[in-house]
Amino acid sequence: MKILSWNCQGLGNPWIVRNLRKIVKEQVPFICFLMETRLDREGINYWCKELPYKNRFVVKKLGLGGGLALLWKEDIGLDVFKFSDNQISATVTESDGYQWVLTGFYGWPETQDQYKSWALLSHICSLVDGAWMCISDFNEMLNSSEKLSCRPAPPRQLDAFRVALEHCNLVDLGFIGYPFTWNNRRPGAANTKKRLDKAVANQVWRSKFPGTTVTHIVSHTSDHLPLIL
């Protein structure tokens, strides 16, 4: 099973929609988790009507920003059991009957609010009994090597993210491709690149799916790269 995760920075943009269609056609994901859609369900249905996903779960955040969407193919057994402005969690049932939890997660982007991300992650963990995989724009890094900038990553923020994952028994699944998933697109010394998007999973999930890979897909229509798991 393939899963696409992408902070698309607005699905009401025809260029981004064309790029999404291209990725779906080439990668053929069974499930898509989209962040920063800036659309309600009506908008998702309009802009995504040509995508091969009859099942759609949409979270529209109040205001102009935010917005999450989980799209999946008709033959995929998926049941959403919890959602908020920052996450959609669902039980996925494989063809052999095996069940696991998928969380599409969007971390708070403001540094002063990141503690909310880790509290939410811990709360979801308390609801999970078994295999769990979380794919996300966490809006934070795990170590200093995940940032390319004139300004180093604050150690305290990195430590808080690591502690949150350890508390939830989640491990980074790694990646294939370009090492940074976000670019502020500023010129020269003001440019900053970070690996903010990643997939993490607990030991039960990793034991069930040991051959899993996460690939960073090249895209120029958002400041985030899409992930294919």
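The values are calculated or read from the model by the stated rules, or taken from the named source; none is laboratory data. Being a predicted model, the structure only gives us computed values, none of them experimental. Positions of Cβ are generated from backbone atoms using ideal geometry, with glycine treated the same way; all protein chains shown enter the neighbour counts.
Structural remarks
Residue-wise test of (1) touching a Cys at 6+ places or on another chain (Cβ under 8 Å); (2) polar (S, T, N, Q); (3) farther than 25 Å from G211 by Cα.
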position: Y46; (1), (2), (3): no, no, yes
position: V58; (1), (2), (3): no, no, yes
position: G63; (1), (2), (3): no, no, yes
position: G67; (1), (2), (3): no, no, yes
position: W72; (1), (2), (3): yes, no, no
position: A90; (1), (2), (3): no, no, no
position: S95; (1), (2), (3): no, yes, no
position: S117; (1), (2), (3): no, yes, yes
position: S122; (1), (2), (3): yes, yes, yes
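- If you go through the stretch 54-66 and keep only what is at negative phi and crowded, with 17+ Cβ neighbours inside 10 Å, you end up with F57, V58, V59, K60, K61.
- Matching residues, the stretch 74-91, being under 19 Å from Y106 (Cβ atoms), surrounded by 13 or more Cβ atoms within 10 Å (Cβ to Cβ) and hydrophobic (A, V, I, L, M, F, W, C): L78, V80, F83, I88, A90
- If you go through the stretch 194-223 and keep only what is over 16 Å from the mean Cα position of the chain (by Cα), charged (D, E, K, R) and either under 16 Å from Q9 (Cβ atoms) or assigned to a loop (DSSP other than H, G, I, E, B) (or both), you end up with nothing.
- Yes/no for E26 being modelled with pLDDT of 95 or more and farther than 30 Å from S126 by Cα: yes
- Taken over the stretch 55-71, residues that are modelled with pLDDT of 95 or more and closer than 22 Å to Q9 by Cβ amount to 8.
- Which numbered condition E166 misses (of (1) in contact (Cβ under 8 Å) with a residue 24 or more places away in the chain; (2) under 17 Å from L121 (Cα atoms)): (1)
- The residues of the stretch 125-162 that are in a loop (DSSP other than H, G, I, E, B) and either hydroxyl-bearing (S, T, Y) or within 20 Å of the chain's Cα centre (by Cα) (or both), listed by number, are V128, A131, F138, N139, E140, M141, L142, N143, S149.
- Hits in the stretch 111-121 (condition: under 17 Å from the mean Cα position of the chain (by Cα) and either touching a residue at least 40 places away in the same chain (Cβ under 8 Å) or exposed (fewer than 12 other Cβ atoms within 10 Å of the Cβ) (or both)): Q114, S117, W118, L121
- Within the option set L51, L39, L70, being surrounded by 13 or more Cβ atoms within 10 Å (Cβ to Cβ), touching a Gly at 6+ places or on another chain (Cβ under 8 Å) and assigned to a loop (DSSP other than H, G, I, E, B) holds for one residue only, L39.
- Selected residue (only one of T212, T192 is touching a residue at least 24 places away in the same chain (Cβ under 8 Å), under 21 Å from G107 (Cα atoms), surrounded by 13 or more Cβ atoms within 10 Å (Cβ to Cβ) and not small (G, A, S)): T192
- Among the residues of the stretch 138-162, those that are surrounded by fewer than 17 Cβ atoms within 10 Å (Cβ to Cβ) and aliphatic (A, V, I, L, M) comprise L148, A160.
- Residue that is modelled with the lowest pLDDT [pool: residues in the stretch 118-160 that are of a type in the set (S, T, N, Q) and within 23 Å of V204 (Cα to Cα)]: S136
- Scanning the stretch 163-180 for residues that are exposed (fewer than 13 other Cβ atoms within 10 Å of the Cβ) and under 17 Å from the mean Cα position of the chain (by Cα) yields G174, I176, P179.
- Failed item in (1) at pLDDT 95 or above; (2) within 19 Å of the chain's Cα centre (by Cα), with Q99 passing the rest: (2)
- Within the stretch 10-22, one or more residues are under 16 Å from the mean Cα position of the chain (by Cα), crowded, with 22+ Cβ neighbours inside 10 Å and at pLDDT 95 or above.
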